[in-house]
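Here is the structure we will look at, set down as structure tokens.
All of the numbers you see were taken from the coordinates with simple rules; none came from a lab. The model shown is predicted, which means the values in this text are computed figures rather than measured ones. Cβ placement follows ideal geometry from the backbone for every residue including glycine, while neighbour counts extend to all protein chains displayed.
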Amino acid sequence: MLTQVGFIGLGVMGKPMAMNLIKGGYSLRVYGRRKEAMAPLVEAGAVACGSAEEAARGCDVIFTMVTTTRDVQEVVLGERGVIAGARPGAIVVDMGTISPAATRAIAARLAEAGIEALDAPVSGGGIGAISGNLSIMVGGKPEIFEQVKPLFSCMGKNIVHIGPNSAGQVAKACNQMVMLIALQGLAEAFTFARRNGLDSARVYEALSGGAAQSRVLEVLGKRMVERNYDPGIEARLHYKDIQIVLDEAHTLGMALPGTALVMQMFNALIGRGGGNQDSSQLIEVIEAISKP
Amino acid sequence: MSNMNVNVGFIGLGIMGKPMALNLIKGGYPLRVYGRRVESMAPLAAAGAHACASPEEVARAADMTFIMVSDTQDVEQVILGPKGVLSGAQPGAIVVDMSTISPVATRSLASRLMDHGVEMLDAPVSGGETGAVNGTLSLMVGGKPEVFTRVKPLFERLGKKIVHIGANGAGQAAKACNQIVASMTIEGVAEAFTFARRNGVDPGRVREALLGGFANSRILEVHGQRMLDRDFRPGFKVRLHQKDLRIVMETAHQMGIALPGSALVAQHLNALIGSGDGELDSSALVQVIERLNEGR
């Protein structure tokens, strides 16, 4: 039984996920770069720590939920990082979305120190994190996955062990490709509908019942219809994720033409200053291309 | 000032760097050279150059230090790394980077060097190995005009068309523009020839007709002919083209600029690399378009 849990990274995603672990009866040691990020967790019973190293000390399992590949490398392997505090046999679970190649390298470094690793990126956004409804895609040894599974169950519903280390990140990359190309499709469809003088709310309603139905349509399509771009998922995060996907494609020598096009649309969105708005704002880039 | 009074450093003695360094020696400039592989320095030493053990040692006694290495990280390492140019260069010296790297990284390198009173030019080239050997490269230069003027006599030993584009990074930005136009033109010729074939039309005749019109270009002429002959000997290798285009795409990503056409060509280059065609000439891009249209 894993009982002592560390949690590092208490942002939009990490905070509610850590809360759900506390609710599930686990005792938490937490660390967030911003001190004030730790306050609500401490109020709920967590122990605030001064570094990732300190948060890892004495823990059976340590979760990390930070933004970039470099952040994970820093938090896990850096000075005062998890690797300095974790005991042999402990399990490090990275739930951020980062490079598969870097994930394999981190797992190998941890293994040298006798520490186990899982990659477990999630899909479902802030809403899924709060309601404990995330999809979790896991890479790592099956027996390690089984040990951590009860904790995953506090945070998510659809929990799938995909394969060895980094398999979770690869699955997440697939998730992002499907989702973001669908988003591009929605942005084009609603622009097309509006230019034909249609009420996009009616189109949304019609599409929701047919073969074009999807969760992206349901959530982000609705935001496009309402032109409400409060995040949700900030565009800058998807923009970061697509770069991970295309870096892999470059290294593997494979063509992902659709994903590559969507990345350019995200570049334009970021260039327009939309990085902190919801990704559904992509529709405004499509509209701008063919302004009547 | 006689050429003998200008001490010149040259770092990076690969396919491009070696003939460029030799052309400077022919121009009468005393050269201090450094190459990662010791054996790469031998032909230069035989021609009279002084072989050094590190970029730092090259820069220590050089008024101008040229760099010709593969990518952004290499340039950063050569300049900022341990035993790098920065630790050897005297205030007032000039660093001339002729590699093709990121304009964003170039601007930051220039400002790091300026902090130590060292000037920088970025001067990426186009024209390949042939141009390097014959001294007929095209040079696109970024940096202060007065620094450009000082280095220009040396540039003239390396190339024919030498254009000062603007401030630091401007040369790299121009090189990126060169890649954007060239990549998409190759893609266009490849698509047109495939379209012609599928319509039962001889693409050789199409090329001939197009050469007289608005679609005329050096790429239609040269790469078009290679596509017709199925002669994919390089030329400019797919692998290097992929690398250069990646710099463009990363810069566009960093700066929030959409380049949808270039992005598509980059994917087609990826596909070529994955099918083991990285050592072929870029005109092999036509094979990707053909594969897309197979099976009917």
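Some observations on this one:
- Proxy reagent accessibility, fewest Cβ within 10 Å first, across B:Tyr34, A:Tyr229: A:Tyr229, B:Tyr34
- Phi-based couplings in Hz for the range B:15-22 (Karplus 6.51, -1.76, 1.60; Gly and Pro marked x): 3, 8, x, 4, x, 5, 4, 4
- The sum of -39500 (n - 2.57) across all DSSP H runs of n ≥ 4, divided by the residue count of chain A, sets its helix-only mean residue ellipticity at 222 nm to -16000 deg cm²/dmol.
- Debye log10 I(q)/I(0) at q = 0.13, 0.17, 0.23 Å⁻¹ for the range B:173-292, Cα point scatterers: -0.49, -0.82, -1.34
- Rg over Rh, two decimals, chain B (C-alpha only, Kirkwood Rh): 1.02
- Per-residue shielding of A:240-251, expressed as the average number of other chain Cβ atoms within 10 Å of the residue Cβ, stands at 3.
- Residue by residue along B:270-277, Cβ atoms of other protein chains within 10 Å of the local Cβ number 5 on average.
- Largest first, the three principal axis extents of the alpha carbons in the range B:73-212 are 65, 28, 25 Å in whole numbers.
- Sorting B:Cys52, A:Cys174 from the fewest to the most surrounding beta carbons within 10 angstrom yields A:Cys174, B:Cys52.
- Counting charges near B:Val222 (Lys, Arg +1; Asp, Glu -1) among other residues having Cβ under 12 Å from its Cβ returns a value of -1.
- P(r), alpha carbons of the range B:129-212 - 5 Å bins starting at zero, rounded %: 3, 13, 15, 15, 13, 11, 10, 9, 7, 3, 2, 0
- Two-decimal ratio, the range B:39-108, of alpha-carbon radius of gyration to 2.2 N^0.38 Å: 1.12
- Per-residue 3J(HN,Hα) values for the range B:111-125, derived from phi via the Karplus relation 6.51 cos²θ - 1.76 cosθ + 1.60 with θ = phi - 60°, read 6, 4, 5, 4, 4, 9, x, 9, 7, 9, 10, 9, 9, x, 10 Hz in sequence order (x marks Gly and Pro).
- Highest mean packing first, where packing is the average number of other Cβ atoms within 10 Å per residue, the peptides A:191-200, A:231-240, B:278-287 line up as B:278-287, A:231-240, A:191-200.
- Residues B:Ile186, A:Ile115, A:Ile127, sorted so that the one with the fewest Cβ neighbours within 10 Å comes first: A:Ile127, A:Ile115, B:Ile186
- Calculation over all alpha carbon pairs of the range A:250-292 in 5 angstrom steps from 0 returns a P(r) of 5, 20, 26, 20, 12, 10, 5, 1, 0 percent.
- Averaged over peptide B:245-253, the number of partner chain Cβ atoms lying within 10 Å of each residue's Cβ comes to 3.
- Highest-fluctuation residue, B:Asn168, B:Asn134, B:Asn216 considered, GNM on chain B with Cα pairs under 10 Å: B:Asn216
- Calculated from backbone phi, Karplus (6.51, -1.76, 1.60) coupling profile of the range B:42-51 in Hz, x at Gly/Pro: 4, x, 6, 4, 4, 8, x, 6, 9, 7
- Rounded tilt (10° steps) of A:167-195 against the dominant C-alpha axis of chain A: 20 degrees
- Positive minus negative residues near B:Gly171 (Lys, Arg vs Asp, Glu; Cβ under 10 Å): -1
- For chain B, built as a Gaussian network whose Cα springs stay under 10 Å, the top-fluctuating residue of B:Ala167, B:Ala123, B:Ala89: B:Ala167
- Aspartates and glutamates whose Cα lies under 15 Å from that of B:Lys83, excluding same-chain neighbours fewer than 8 positions away: B:Glu56, B:Glu57, B:Asp74
- Förster radius 30 Å - calculated FRET efficiency between A:Lys141 and A:Cys174 (Cβ-Cβ, nearest 0.05): 0.90
- Across every direction, the projection of the convex hull enclosing the Cα atoms of the range B:221-296 has a mean area of 5.8 nm².
- The local environment of A:Gly274, defined by Cβ-Cβ distances under 10 Å, has a net charge of -1 under the rule Lys, Arg +1 and Asp, Glu -1.
- Residues whose amide H comes within less than 5 Å of that of A:Phe7, counting only those at least five positions distant or on another chain, are A:Arg29, A:Val30, A:Tyr31, A:Phe63 (H built at 1.01 Å from N in the peptide plane).
- Amide H contacts of B:Arg32 (H built 1.01 Å from N, under 5 Å, at least 5 apart or other chain): B:Val8, B:Gly9, B:Phe10, B:His50
- Considering all different alpha carbon pairs of chain A, the Kirkwood hydrodynamic radius works out to 19.8 Å.
- Rounded if a/c under 1.5, otherwise prolate or oblate - the range B:3-166, Cα gyration tensor axes: rounded
- Share of pairwise Cα separations in the range A:137-292, more than 22 Å, in percent: 49 percent
- Proximal aspartates and glutamates to A:Lys149, defined as alpha-carbon separation beneath 15 angstrom and excluding residues fewer than eight positions away on the same chain: A:Asp60, A:Asp94, A:Glu116, A:Asp119
- Cα gyration tensor shape of the range A:131-184, rounded if a/c is under 1.5, else prolate or oblate by comparing a/b with b/c: oblate
- Cross-link pairs A:Lys15/A:Lys141; A:Lys35/A:Lys157; A:Lys23/A:Lys157 - those with Cα-Cα distance over 19 Å: A:Lys15/A:Lys141; A:Lys35/A:Lys157
- Remark: the protein assembly as shown projects, on average over all directions, an area of 31.7 nm² (convex hull of Cα atoms).
- For the range A:4-165: rounded, prolate or oblate by the Cα gyration tensor [a/c cutoff 1.5]: rounded
- Listed residues B:Ile247, B:Ile257, B:Ile79, most fluctuating in chain B (Gaussian network, C-alpha, under 10 Å): B:Ile257
- By the rule of a C-alpha distance below 16 Å, with chain neighbours fewer than 8 residues away ignored, the lysines paired with B:Lys18 are B:Lys26.
- Pairs of Cα atoms farther than 20 Å apart, the range A:39-124, %: 30 percent
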